[in-house]
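Sending over a structure as structure tokens; questions will come in a sec.
The values are calculated or read from the model by the stated rules, or taken from the named source; none is laboratory data. None of these values were measured; they are calculated from a predicted model. When we count neighbours, we look across all protein chains shown, and the Cβ atoms used for this are built from the backbone with ideal geometry, even at glycine.
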Amino acid sequence: METKENVLEAGTTQARDYVTNVYEAVKRRNPNEEEYLQAVKEIFESLVPVLTAYPAYMKYGILERLTEPERFITFRVPWVDDSGNVQVNRGFRVQFNSALGPYKGGLRFHPSVNGSIIKFLGFEQIFKNSLTGQSIGGGKGGADFDPKGKSDVEIMRFCQSFMTELYRHIGPDTDVPAGDIGVGAREIGYLFGQYKRIRGTVESGVLTGKGLRYGGSLTRKEATGFGTIYFVQEMLKDKALDFSGRTIIVSGSGNVSIYAMEKAIELGAKVVACSDSNGFIYDEKGINVETVKQLKEAGNERIYAYLDQHPHAQYVDDCSSIWSIPCDIALPCATQNEIDEATAKTLVANGVKAVGEGANMPSTLEAINVFLDNDVLFAPAKAANAGGVAVSALEMAQNSGKLSWTFEEVDAKLQEIMKSIYQNSKQAAKDYGHPGNLVDGANIAGFIKVADAMVEQGII
């Protein structure tokens, strides 16, 4: 005689087998794409209870369809450097899933960029964008171009060549790129100018992260860093904790890091270290964020120049060792996989209470398990990092309505979005048997919205 428990067990086994089989197929079709496979595995591991409860997702092949991009574009980017030499880079754009709306995701210019990294970022973007509650699908792009050490004119030439190919694949209602590592206001300006030149029209909504003079949004620069802090703040509140008096380590020194530091300090925390790709600074008196802004936003200098104004601080020529400094809260805001299992164990041994991922996938799967197994509060990237794309979508809304909201208006909307992401992730984790696990909660909450839209729209 079948019992409810037997039926449930059979359903769970079927769901687990389905997840395993689809993941193995993804591995075969995407060999050697470590970053992409890591992102897929992290999502899949959370979805067994959802697939058990709603087997229709298996019938409709949701996982098979989610893991195959709707479109993956690679292209040559030729440009001429200041010495008159022809250089050639490789450009990418993945249009992963449009079930919820136009593809939305940043452009990354960095020598490490390859197809695997772009696909991992685009896949994550599907669920991150879903969590924001806004009508945006998942996409990502970039090039293996390194802006460091290049003149403004060289960067302009590269951006113009990049957009000369990309323009035919994007549009306000099709695909809306933004910035990421190596792509800030300068690069967005050059890209927008070339798009406008080719198209012969001013389509403000085609890119986000634009300058305020031509359709940009207030709070966009601050959004990812602020959003990370707003999410962590909600996570801390649930444990009757806050930022006041907490010692914080923040990796990186770009926009995400700078504005995460600024907001954390505003909430009473003491940030004692931050880094760049060369090394990190430690300031026991507390990092002076205005100095970091001056170095990175105005002068694009290396972080060791902080010591010129604050000689009492220390500089260590190894950015990865920043996590050996004891802290209450760790905010990895630099790049993917910067915290591995050994680093996570060091943080735990030094008493870390919470980790908030400001970068995309900065912790390996093994590191995440270390944090969860040791009851460290953990804010996963696809939730905590969603503030940037949330305000990008608000920029799109302003462009569409020919509106311009104040900093306070956009910041208030950002806070509400991040609170909603936290509550939805928390509730999903509870509903599907993993209370307190925000990794599973964020994955499930983001997945269900996309999966339901895909079912409703048929097999396309």
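Is it the case that residue 99 is at negative phi, of a type in the set (Gly, Ala, Ser) and in a helix (DSSP H, G or I)?
No; evaluated as a whole, the condition is false for this residue.
Restricting the first residue to region 317-332 and requiring it to be in a strand (DSSP E or B), which pairs with a second residue that is at pLDDT 95 or above and among the acidic types (Asp, Glu) meet a Cβ separation below 9 Å and a spacing of at least six or different chains?
331/357
Can you tell me which residue is modelled with the lowest pLDDT among those in region 1-47 that are surrounded by 12 or more Cβ atoms within 10 Å (Cβ to Cβ) and either among the hydroxyl-bearing types (Ser, Thr, Tyr) or not assigned by TED's automatic domain parsing to the domain that holds residue 448 (or both)?
Within region 1-47, the match that is modelled with the lowest pLDDT is 12.
Report yes if residue 348 is of a type in the set (A, V, I, L, M), assigned by TED's automatic domain parsing to the domain that holds residue 250, within 30 Å of residue 390 (Cβ to Cβ) and at pLDDT 95 or above, otherwise no. Write out each step before concluding.
Values: of a type in the set (A, V, I, L, M): yes; assigned by TED's automatic domain parsing to the domain that holds residue 250: yes; within 30 Å of residue 390 (Cβ to Cβ): no; at pLDDT 95 or above: yes.
Taking the combined requirement at face value, the residue does not satisfy it.
Looking only at residues in region 333-345 that are part of a loop (DSSP other than H, G, I, E, B) and touching a helix residue (DSSP H, G or I) at 6+ places or on another chain (Cβ under 9 Å), which one is modelled with the lowest pLDDT?
Filtering region 333-345 for residues that are part of a loop (DSSP other than H, G, I, E, B) and touching a helix residue (DSSP H, G or I) at 6+ places or on another chain (Cβ under 9 Å), the one modelled with the lowest pLDDT comes out as 336.
Another question, if that's okay. What's the number of the only condition in (1) assigned to a helix (DSSP H, G or I); (2) modelled with pLDDT under 95; (3) not acidic (Asp, Glu) that residue 460 fails to meet?
(1)
If you scan region 254-275, which residues turn out to be at pLDDT below 95 and either among the small types (Gly, Ala, Ser) or part of a loop (DSSP other than H, G, I, E, B) (or both)?
Answer for region 254-275, where residues must be at pLDDT below 95 and either among the small types (Gly, Ala, Ser) or part of a loop (DSSP other than H, G, I, E, B) (or both): just 254.
Restricting attention to region 130-169, and to residues there that are in a helix (DSSP H, G or I) and touching a helix residue (DSSP H, G or I) at 6+ places or on another chain (Cβ under 6 Å), which single residue is nearest to residue 426 (Cα to Cα)?
131
Return the residues of region 187-206 that are of a type in the set (Lys, Arg) and touching a helix residue (DSSP H, G or I) at 6+ places or on another chain (Cβ under 7 Å); say none if nothing qualifies.
199
Please go through region 170-222 and give me each residue that is aliphatic (A, V, I, L, M) and assigned to a helix (DSSP H, G or I), ordered by number.
The initial filter retains those residues of region 170-222 that are aliphatic (A, V, I, L, M), namely 170, 176, 178, 181, 183, 185, 188, 191, 198, 202, 206-207, 212, 218.
185, 188, 191, 198, 206, 212, listed by residue number.
State the number of residues belonging to region 103-156 that are surrounded by fewer than 24 Cβ atoms within 10 Å (Cβ to Cβ), without any contact (Cβ under 8 Å) to a residue 60 or more places away in the chain and among the hydrophobic types (A, V, I, L, M, F, W, C).
2
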